[in-house]
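Everything below concerns the one structure shown next.
The values are calculated or read from the model by the stated rules, or taken from the named source; none is laboratory data. It should be emphasised that the depicted structure is a prediction, and the values quoted were computed from it without experimental measurement. Cβ: placed from backbone, ideal geometry, glycine included. Neighbour counts: every protein chain shown.
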Amino acid sequence: AAMAARALTDSMRDRVVLGEFGVRNVHTTDFPGNYPGYEDAWDQRRFEEAFRVDIIREEEGALEFDMVGIDAAIANAFRRILLAEVPTMAVEKVFVYNNTSIVQDEILAHRLGLIPIRADPRLFEYRNQGDEEGTEIDTLQFQLKIKCSRNPQAAKESSDPNELYFNHKVYSKHMTWVPLGNQTDLFPDADFRPVHDDILIALLRPGQEIDVLMHCVKGIGKDHAKFSPVATASYRLLPDITLLQPIEDEAAETLQKCFSPGVIEIQKIKGKKVARVANARLDTFSREVFRHENLKNLVRLARVRNHYIFSVESTGILPPDVLVSEAIKILMGKCQRFLNELDSVPME
Amino acid sequence: VQADGTDGNCVTFVLHDEDHTLGNSLRYMVMKNPDVEFCGYCITHPSESKINFRIQTRGTLPAVEPFRKGLNDLMGVCQHVLNTFERSMKEFRAQR
């Protein structure tokens, strides 16, 4: 009985259970004093032994990795920082010299701001507040100067705008970098341009032109979403499916259909079809199993409380592993800031 | 940072320019300290970016100590996470 009680508290401590009508054991309860007989005080060595990071998949601009042995509060802090506090460079001020296109000035400026700029934000400083001009250490200047004209060689009856006009589509590849001050010496090999060349900014017709100068500054996503370096950063907890009783034959077939493909595997043991949990990680937890009366009490759906499957997709400015490292450093910087304040200001 | 409280054991810190990101993770680290009787944080108003972070200690330990220890522990966690992550990235790339 003592073993069963301990197993029950263990499951309460490290599983979040998905019941039929709600989720149970959501909050972290493993603080010192809550459970007699458990060592819950913070121990860095125990944390380091239990903690691990497994990289699952790395693709062009997307990274999937597991963090095991960490708590929700800290994993969420990393996610929030990835979305809102890792700085990037984006167009902030647009000086419109001539805009005779159909697109209004402010709409054009809004669209230009959202274009991701391939520039490492760690090479630049934040602009001082109230500084309107911008110096070479905190500003990148881009120019977009384009004029649409009629094509004299086009066929008489053609109606294809690609044939009739020159430059009628304004793409992000038409943005050119204009070095400020000594930026050519500071960044001799750098090639500052938008990440993607084929972002359509505006459409023109003959006689219309756009002539704008753009200033890019360093900012964070909290200020404006254009500064967010990730397409999205999310995490989910590792699913944990337990079959409380052996499930056979037809019930096993229904069970397999209740979950995502690959989660439940059917094996033939002594002529009977028996269901087995093959790979719980693939499941998306649609809870279809609760709709079947005969199955819903035989399965326990839960999530492992301290196993986070992160999925970080970058907009292309910085590779996703650099983004995660930067996010962790930013959290360290926040702690350091308060430690410095504690040490410098005497507490009365 | 501002401190306010009746005696040194129960202190409410007002942290400016912070939100759930640091608040929740710091609360978790301070709660793991067995000397702490109560620890919580709240955001006074969503339009203002500041949090009230309250620590009450058991006994006579001044509340600044668990706060400082929590910050140091959180720094330690981040450092270890960073090292582990970078090491795993290197290994993953090497064996790919």
*If A:Tyr235 satisfies every condition in (1) out of contact with any Leu (no Cβ under 8 Å at 6 or more places or on another chain); (2) surrounded by 15 or more Cβ atoms within 10 Å (Cβ to Cβ); (3) not in a strand (DSSP E or B) but one, which is the exception?*
(3)
*For region B:1-47, how many residues meet the condition of being at pLDDT below 85 and of a type in the set (A, V, I, L, M)?*
3
*asked:* Would you confirm, using the coordinates I've provided, whether A:Gln245 is crowded, with 17+ Cβ neighbours inside 10 Å and free of Cβ contacts under 8 Å to residues at least 60 places away in the same chain?
replied: no
_Filtered residues of region A:60-86 (kept if touching a helix residue (DSSP H, G or I) at 6+ places or on another chain (Cβ under 8 Å) and more than 20 Å from B:Ser25 (Cβ to Cβ))_ = A:Gly61, A:Ala62, A:Leu63
*Looking only at region A:92-102, which residues are more than 31 Å from the chain's Cα centre (by Cα) and surrounded by 18 or more Cβ atoms within 10 Å (Cβ to Cβ)?*
A:Asn99, A:Ser101
_Filter region A:285-328 down to the residues that are assigned to a loop (DSSP other than H, G, I, E, B) and either in contact (Cβ under 8 Å) with a residue 60 or more places away in the chain or under 30 Å from A:Phe47 (Cβ atoms) (or both) and list them by number._
A:Phe285, A:Arg287, A:Lys296, A:Thr315, A:Gly316, A:Ile317, A:Leu318, A:Pro319
*Hey, can you tell me all the residues within region A:44-63 that are in a loop (DSSP other than H, G, I, E, B), more than 7 Å from chain B (Cβ to nearest Cβ) and surrounded by 13 or more Cβ atoms within 10 Å (Cβ to Cβ)?*
A:Gly61
*Can you tell me how many residues in region A:64-123 are aromatic (Phe, Trp, Tyr) and either assigned to a helix (DSSP H, G or I) or under 30 Å from B:Gly23 (Cα atoms) (or both)?*
2
*asked:* Condition first: under 22 Å from A:Val16 (Cα atoms), polar (S, T, N, Q) and either in contact (Cβ under 8 Å) with a residue 24 or more places away in the chain or within 13 Å of another protein chain (Cβ to nearest Cβ) (or both). Can you find one or more residues in region A:67-89 that meet it?
replied: yes
*asked:* Residues to consider are A:Val274, A:Val312, A:Val299; find the one that is modelled with pLDDT of 85 or more and under 22 Å from A:Val17 (Cα atoms).
replied: A:Val299
*Could you pull out every one of the strands (runs of 3 or more DSSP E) wholly within chain B that has 2 or more residues that are at the interface with chain A (Cβ under 10 Å from one of its Cβ atoms)?*
B:2-4, B:10-16, B:36-43
*Do you know which of the residues in region B:53-77 that are of a type in the set (S, T, N, Q) and more than 24 Å from A:Lys329 (Cα to Cα) is farthest from the chain's Cα centre (by Cα)?*
B:Thr60
